[in-house]
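Colleague: Structure in structure tokens, see below.
The values are calculated or read from the model by the stated rules, or taken from the named source; none is laboratory data. Computed from a prediction, not measured in an experiment: that's the story for all the values here. Every residue, glycine among them, receives a Cβ derived from its backbone with ideal geometry; neighbour counts consider all protein chains shown.
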Amino acid sequence: MAVKIVTDSTADLPDSLAKELGITVVPIYVRFGEEVFLDRVDMSEDEFYKRLEKTTVHPSTVQPGPQDFLNVYRKLAPKADGILSIHISTKLSGTYNSALMAKDMLNTGCPVQVIDSETVTMGLGLLVIVAATMAKKGESADKIVKEVKKTIPKIHLVCLLDTLKYLLLGGRIGKAKALLGSILSVKPMITIKDGEVVPAGQVRTRAKGIDKLLEFGQNAKNIQDLAVVHSTTADEAQNLAKQLGPTFDRKRIRMSRVGPALGVHVGPGALIVAIREG
């Protein structure tokens with residue numbers, strides 16, 4: 001038996017990669033008015049962004065409940081030496097607390113450890129990949145936890161947004177509200193610091209924003225893993241990954257897409273570079 005790794009759908013892990021590494025992803029709920037969907041289960045990314053552009057009611061997200069996690073832990077426990085559950089920053093969601101409550105409700109004897117990643121999207125995804133890769137090699141839960149906690153400060157990401165509108169409507173704007181006074185033509189850039197959304201600057205044009213993302217990747221030290229994530233601009237993401245090729249082997253750059261759970265907050269046109277430094 002081995003340690004089982006659990007995360008939530010805000011990690012934006014590609015399905016194929018989650019399956020390959022044996023990662024269980026607990027979906028966030030996305031609500032459009034009275035209708036509720038499970039992120040990437042009942043609603044795909046394409047369906048979500050099409051609906052987002054047409055809707056008059058801004059969608060919201062609801063964290064998985066303790067029962068959602070308890071069901072997952074109970075299913076994994078008989079086949080596990082332990083369960084490690086790694087989740088979106090506690091300053092952005094109550095998902096971690098739901099996982100913690102489920103841990104206390106589990107009475108199978110299988111130890112569960114819950115970690116606040118202090119990040120989101122593929123920043124969280126890169127952490128989970130570290131844990132799952134170690135689990136596949138048969139490492140102990142304690143060793144994996146130690147490595148994950150050591151890696152958290154080495155995760156960095158920058159996101160170019162088309163607009164701050166969705167962060168504002170979704171109530172996750174945090175310290176990035178400092179950008180609100182900017183003229184409308186400015187493209188905002190955000191990052192995550194100490195688990196919170198904070199400004200990472202602003203640019204006049206989208207092209208300049210993409211240059212900033214490229215610069216962020218090029219200036220990173222001792223890159224161990226790198227991901228390019230987009231919400232609706234796949235061609236831009238591919239082109240950015242190609243430009244980052246001389247900095248980090250293009251074949252190893254992980255391509256991902258912002259799912260509905262985070263799409264509620266970043267909207268169409270989001271482009272992200274996430275890095276794990278050594």
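Colleague: One residue is enough: does segment 124-137 have a residue meeting the conditions of a type outside the set (S, T, N, Q), free of Cβ contacts under 8 Å to residues at least 40 places away in the same chain and over 24 Å from SER16 (Cβ atoms)?
Modeller: Checked segment 124-137: no residue is of a type outside the set (S, T, N, Q), free of Cβ contacts under 8 Å to residues at least 40 places away in the same chain and over 24 Å from SER16 (Cβ atoms).
Colleague: While we're here: Quick test for you: out of VAL120, VAL114, pick the one residue that is without any contact (Cβ under 8 Å) to a residue 40 or more places away in the chain and aliphatic (A, V, I, L, M). Spell out the reasoning first.
Modeller: Numbers: VAL120 fails: without any contact (Cβ under 8 Å) to a residue 40 or more places away in the chain.
That would be VAL114, the only listed residue that is without any contact (Cβ under 8 Å) to a residue 40 or more places away in the chain and aliphatic (A, V, I, L, M).
Colleague: Turning to a different aspect of this structure: Could you tell me which of the residues GLU118, GLU147 is part of a helix (DSSP H, G or I), among the acidic types (Asp, Glu) and over 19 Å from LEU76 (Cβ atoms)? Show your work before the answer.
Modeller: Numbers: GLU118 fails: part of a helix (DSSP H, G or I).
Just a single option satisfies the conditions, and that option is GLU147.
Residue by residue, here is whether (1) among the aliphatic types (A, V, I, L, M); (2) surrounded by 16 or more Cβ atoms within 10 Å (Cβ to Cβ); (3) at pLDDT 95 or above holds:
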position: SER185; (1), (2), (3): no, no, no
position: MET189; (1), (2), (3): yes, yes, no
position: ALA207; (1), (2), (3): yes, no, yes
position: GLN218; (1), (2), (3): no, no, yes
position: HIS230; (1), (2), (3): no, yes, yes
